[in-house]
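Engineer: This is the structure I want to talk about, given as structure tokens.
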Amino acid sequence: MRNLRVGQGFDVHPLVEGRDLIVGGVKVPFEKGLAGHSDGDVLLHAIMDALLGAAGLPDIGQQFPPSDDKYKDADSAKLLKTVVQLVKEEGFADIINIDATIMAEKPRFSSHIPSMRSRIAEIVEIEPSRISIKATTTERLGFVGREEGIAASAVCLVASDG
């Protein structure tokens with residue numbers, strides 16, 4: 001009998017001058033980037049926490065502590081690859097699907113979603129058809145609406161054969 005587990009993740013980072021905007025493992029042209037100890041990729045961070053949660057593992061803050069300089073400006077795609085390995089080591093060899101949402105007023109992400117899906121599929125080793133990414137605004141409400149930051153949420157389903 002297959003053991004199925006759902007995980008959910010959420011992340012937010014402020015927008016700042018002088019950094020590239022990396023979301024979903026893709027560089028998105030924009031005048032600001034996301035502040036963070038790593039590259040600040042909110043989408044990959046939300047996906048990592050969803051996968052870790054599904055496997056019953058500690059969150060990314062514990063896996064890759066911001067107090068550890070080896071993660072300073074780290075490529076979140078490499079961190080996600082590590083998370084996938086940790087999840088597999090817990091016996092969850094099959095990532096069934098990932099469903100994620102990016103929340104931002106600007107920039108518009110719709111034209112970048114196919115590249116994000118392909119990049120994430122490559123990292124987690126599943127078909128792009130098993131990854132859904134949506135982008136929405138917050139109707140100018142809150143810190144996202146004031147264009148102070150970007151948020152992302154994700155859910156995933158993982159399976160083991162035990």
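Engineer: For L21, what residues show an amide H to amide H distance below 5 Å, using hydrogens built from the backbone and excluding near sequence neighbours?
Structural biologist: For L21, whose amide H was placed from the backbone, the distant partners under 5 Å are V28, F30.
Engineer: With each pseudo-label sitting 7 Å past Cα toward Cβ, what's the I96-E148 distance in nm, one decimal?
Structural biologist: 3.8
Engineer: Can you give the local net charge around G91? Use residues other than it whose beta-carbon is closer than 14 angstrom to its beta-carbon, Lys and Arg +1, Asp and Glu -1.
Structural biologist: The answer is -1.
Engineer: Between R108 and N3, what is the spin-label point distance in nm, taking each point 7 Å from the Cα along the Cα→C-beta axis?
Structural biologist: 4.6
Engineer: Among DSSP beta bridges whose residues both lie in the stretch 3-160, state the antiparallel percentage, nearest 5.
Structural biologist: 80
Engineer: Okay, next question. Just the number, please: percent antiparallel of the DSSP beta bridges in the stretch 67-162, rounded to the nearest 5.
Structural biologist: Around 60 percent of the beta bridges assigned by DSSP in the stretch 67-162 are antiparallel ones.
Engineer: Charges at C-beta only: +1 for Lys and Arg, -1 for Asp and Glu. How large is the resulting dipole of the chain about its Cα centre, in Debye rounded to 20?
Structural biologist: For the chain, the charge dipole is close to 340 debye.
Engineer: Right, something else. Just name one of M48, S67, G149: the one whose Cα is farthest towards the positive end of the charge dipole of the stretch 3-160 (beta-carbon charges, Lys/Arg +1, Asp/Glu -1).
Structural biologist: Most positive-ward Cα: G149.
Engineer: Continuing with the same structure: Using only the Cα atoms of the chain, what are the Rg and Dmax in Å?
Structural biologist: 15.1, 51
Engineer: Where the centre of each part is set by its Cα atoms, how far does the stretch 1-57 sit from the stretch 129-146, in angstrom?
Structural biologist: Centre-to-centre (Cα) distance: 13 Å.
Engineer: With only Lys, Arg, Asp and Glu charged, each at its Cβ (+1 for the first two, -1 for the last two), find how big the charge dipole of the stretch 1-71 is about the Cα centre; round to the nearest 20 debye.
Structural biologist: Result for the stretch 1-71 is approximately 340 debye, rounded to the nearest 20.
Engineer: Quote the FRET efficiency, to the nearest 0.05, computed for K81 versus F10 with a Förster distance R0 of 25 Å and r equal to the Cβ-Cβ distance.
Structural biologist: Computed FRET efficiency for K81 and F10: 0.75.
Engineer: Can you work out the FRET efficiency for the pair Q63 and R140, with r the C-beta to C-beta distance and R0 = 35 Å, to the nearest 0.05?
Structural biologist: E between Q63 and R140, to the nearest 0.05, is 0.50.
Engineer: For D73 and E89 in the same chain, what is the full-extension length gain: residue separation times 0.36 nm, less their Cα-Cα distance, in nm?
Structural biologist: Extra length from D73 to E89 when fully extended: 3.2 nm.
Engineer: With a length cut of 20 Å (Cα positions projected on each helix's long axis) and a Kyte-Doolittle mean of at least 0.5, go through the chain and give me the DSSP H helices that pass.
Structural biologist: none
Engineer: Can you tell me the order of 120-131, 40-51 when each peptide is scored by its average per-residue count of other Cβ atoms within 10 angstrom, highest first?
Structural biologist: By packing density, highest mean first, the sequence is 40-51, 120-131.
A short reminder: the numbers here are calculations on the coordinates, not readings from a lab. Just so you know, these numbers come straight off a predicted model, no measurement behind them. Positions of Cβ are backbone-derived with ideal geometry, glycine not excepted, and every protein chain shown enters the neighbour counts.
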